[in-house]
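Read the structure below first, then the notes.
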Amino acid sequence: MPKIRTHSASKKRFTVTANGKVKMGHAYRSHRLISKAKKARKHHRMGMYASSADESTIKQMIPYK
């Protein structure tokens, strides 16, 4: 049985938790933060979980994580 290649960009951005959820970071955190609300900047600091619709696709891209 051949090995499956891991998607390089995905392995840097997603991790799978012990319960099988896909954890990721928020977008829009790198630049132009002055024009964003303080609440948005604060909430985007935290991690988040991928939606259930995208979860299966992400898990296919990172099969060994």
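Charges at C-beta only: +1 for Lys and Arg, -1 for Asp and Glu. How large is the resulting dipole of the stretch 8-61 about its Cα centre, in Debye rounded to 20? Mind showing how you got there, number by number?
Values: 14 positive and 2 negative charges, 94 e Å.
So the dipole magnitude of the stretch 8-61 works out to roughly 440 debye.
In nm, to one decimal, how far is the ARG45 label point from the LEU33 one, both placed 7 Å along Cα→Cβ?
Roughly 0.9 nm, to one decimal.
Work through the residues other than SER52 whose Cβ is under 14 Å from its Cβ and net out their charges, Lys, Arg +1 and Asp, Glu -1. Don't skip to the end; give the middle numbers.
Working: positive: LYS21, LYS23, LYS59; negative: ASP54, GLU55.
Taking every Cβ under 14 Å from that of SER52, the sum is +1.
Choose one answer from LYS12, LYS39, LYS23: the residue with the largest mean-square fluctuation in a GNM of the chain with alpha-carbon springs under 10 Å.
Taking springs between Cα atoms under 10 Å, the residue moving most is LYS39.
Select one label from [x] 28.3, 93; [y] 15.3, 45; [z] 14.6, 52: the one whose number is Rg and Dmax of the Cα atoms in Å as derived from the coordinates shown.
Of the listed options [x] 28.3, 93; [y] 15.3, 45; [z] 14.6, 52, [z] comes from this structure.
In whole angstrom, note down how far apart the Cα centers of the stretch 36-55 and the stretch 1-35 are.
Comparing the Cα centres of the stretch 36-55 and the stretch 1-35, I get a distance of 12 Å.
Bear in mind these aren't lab numbers, they're just calculated from the coordinates by the rules spelled out. Keep in mind it's a predicted model, so treat the numbers as computed, not measured. Virtual Cβ from ideal backbone geometry, glycine too; neighbours counted across all protein chains shown.
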